[in-house]
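> Below is a structure I'd like to ask you about.
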Amino acid sequence: MILENITMPEYERGLLDSRTVIIPFGSLEEHGAHLPLCTDTLQVVEVCRRAAERTGAHLAPAVPYGVCRSTRNHPGTVGIGTATLRALALDLVRDFYRQGMRAFALVSGHAGKTHLLTLVDAGEQLLEELPGASISVVSEYHEMQRAGAALVEARDDSHAGEIETSRVLALQPELVQGTSPPEWPTFPEARLVRDKLRHWPGGVWGDPSRASAEKGRRLMEIAVERLVELVRELENGGETTGGDELP
Ligand SMILES: [Zn+2]
C-alpha cells in the first residue's frame, strides 16, 4: 500500500493486513556528468515499491536528502547533516509506531558510509525505545552489489558507474545523458581531504560505458528479491539486520 495515496479509513483497514512500513532514503547528489541528481532516490523508491507490492508492506514517502561527504563539493550535491538525518529517522519511526506500525525497514539508496552508520545508530536507539518494534537498516545498493556481482564487468564499480547507470537506463532512460569517462577516485587511505574534487574530479566510481538497460533490469530484480527476503525476515525474526554488513 502506498501510504501517500490512501485515505484515513484505508490506513486503518491496512493495519489489519500489515504492520510493516518500508521507508526509502535517497539523496540529491551528483552522479557524474550523465546521471540525474535524484539517482539514489529513483532506485530506492522503485525497489521499495516493488518489495511493498510483493510483501503487502506499506510504502512510506521517501526522504529525498542524505548525508553526502565525498561528493559535497561537486556541483549539485545538496545534503543534510548527521544530526538532521538521525532526527528524521527517529521522528518518522516513532510516529509510524504511534500510528500502529511495528516492523520498520529503513532502506537506503544512498550508500555513503557516514549516512548508513547514522541510520544504524538511530535504529539502535529506536530498538531500545519502542517495545515490540523490529527494525532493519539496509543499503539496498550493497545488497544488490553483492548478490548481482556476477553481472558486473567493471572492476570496483560503485558510484555512477556500470551498476547505477544500468539501473537508471532500466528505470528512466530519458534521464540518462550519454555517459561519463571511467574513473576511480584517489582518496588517501586514512587522511581526510579538504579538496575532494582534486581526488575525484568527475564524480564517477567505475565504468559507466559497460552499462545496459538489460543489466539494469536484472540488477533491479535482484535488489527487489533481496529486500523481499529482508522484509519477511524482519516480520518473522524481529531482530535488527543490516548494521554488521556495512563496509
Ligand atoms: Zn548513487
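> Could you check the simple spin-label distance between residue 69 and residue 209, using points 7 Å along Cα→Cβ, in nm with one decimal?
Result for the modelled spin labels: 3.2 nm.
> The range 50-81 to the range 161-213: how many Å between their Cα centroids?
18
> Quote the FRET efficiency, to the nearest 0.05, computed for residue 99 versus residue 229 with a Förster distance R0 of 25 Å and r equal to the Cβ-Cβ distance.
So, using R0 = 25 Å, E works out to roughly 0.45.
> So, in nm, how far is label residue 90 from label residue 174 when the simple model puts each one 7 Å beyond its Cα toward the Cβ?
The answer from the label model is 4.2 nm.
> With every atom except the alpha carbons ignored, what do you get for Rg and Dmax of the range 1-132, in angstroms?
15.3, 47
> Modelled label-to-label distance, residue 221 and residue 117, 7 Å Cα→beta-carbon offset: nm?
3.7
> Sticking with this one: Where does the longest stretch of the chain lie that holds no GluC sites (Glu not before Pro) found in a DSSP loop with 16 or fewer other Cβ atoms within 10 Å?
Result for the longest clean stretch: 1-152.
> In the Gaussian network model of the chain, springs joining C-alpha atoms below 10 Å, which of 179, 39, 20 carries the largest mean-square fluctuation?
179
> Calculate, in nm to one decimal, what residue 150 and residue 5 gain on full extension: separation in residues at 0.36 nm each, minus their alpha carbon distance.
48.4 nm
> Determine, from the Cβ-Cβ distance of residue 83 and residue 187 and an R0 of 25 Å, the FRET efficiency 1/(1 + (r/R0)^6), rounded to the nearest 0.05.
Computed FRET efficiency for residue 83 and residue 187: 0.55.
> Tell me the relative contact order for the chain as a rounded percent, counting alpha carbon contacts under 8 Å between residues six or more apart. Mind dumping the intermediate values first?
On the way: 502 pairs, mean separation 57.8, N = 247.
Reported relative contact order: 23 percent.
> While we're on this one: Cα-Cα pairs above 35 Å in the chain: how many percent?
Tail of P(r) above 35 Å: 13 percent of Cα pairs.
Values quoted throughout were computed directly from the atomic coordinates according to the rules given, and no laboratory measurement underlies them. Just so you know, these numbers come straight off a predicted model, no measurement behind them. As a convention, Cβ positions derive from the backbone with ideal geometry for all residues, glycine included, and neighbour counts pool all protein chains shown.
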